[in-house]
Amino acid sequence: MTDTQDRDPSSDSAGSSAVQQRLHDARERLAAVGESVGQRFQEARSNVAGERYEHTVESLRGGYDRVRGDMGRAAHDVNDYVQMHPAKALLVAAGVGFVLGLVFRGEKG
């Protein structure tokens, strides 16, 4: 007789059942690993996004502080100039006002 004829049909069923059970267990473990990897990926992505956000916020704060300081210095310089040269400052302001008036008055007629 050949090997296939010597086997007990009940042992084939038991072997098949064991293989199916192992396959089922492997699928469950694979699903659990997939969930774990997915969670870790989400955590890593959140951390990277959080780090980028913090970096962006710090950059913006630094830029804001720099511009604020520059504007403060510019305002101080203008005040100093006006105090040292009041007539020139008045003429410049009048000239700028005149030009802006011409630009924004529109056409009449």
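Helix 9-84 and the longest principal axis of the C-alpha atoms of the chain enclose an angle of approximately 10°. Here, P(r) means the percent of Cα pairs in each 5 Å bin from 0 to the largest distance; for segment 9-104 it is 2, 10, 6, 8, 7, 8, 6, 5, 6, 5, 5, 4, 4, 4, 3, 4, 3, 3, 3, 2, 2, 1, 0. For the chain, adding -39500 (n - 2.57) for each run of n ≥ 4 DSSP H residues and dividing by the number of residues yields -33000 deg cm²/dmol at 222 nm. Neighbours of VAL92, meaning other residues whose beta-carbon lies under 15 angstrom from its beta-carbon, give a summed charge of -1 when Lys and Arg score +1 and Asp and Glu score -1.
Qualifying trypsin sites (Lys or Arg not before Pro) in segment 4-94, where qualification requires a DSSP coil assignment and no more than 13 other C-beta atoms within 10 Å, comprise ARG7. Within the shell defined by Cβ-Cβ distances under 14 Å, the residues around ARG66 carry a net charge of 0, with Lys and Arg each +1 and Asp and Glu each -1. Helix 86-104 and the longest principal axis of the C-alpha atoms of the chain enclose an angle of approximately 60°.
Coordinate-derived values only; no laboratory data. Since the model is a prediction, treat every value here as computed from it, not as a measurement. Quick reminder, even Gly has a Cβ in these numbers, built from the backbone with ideal geometry, and neighbours come from all protein chains shown.
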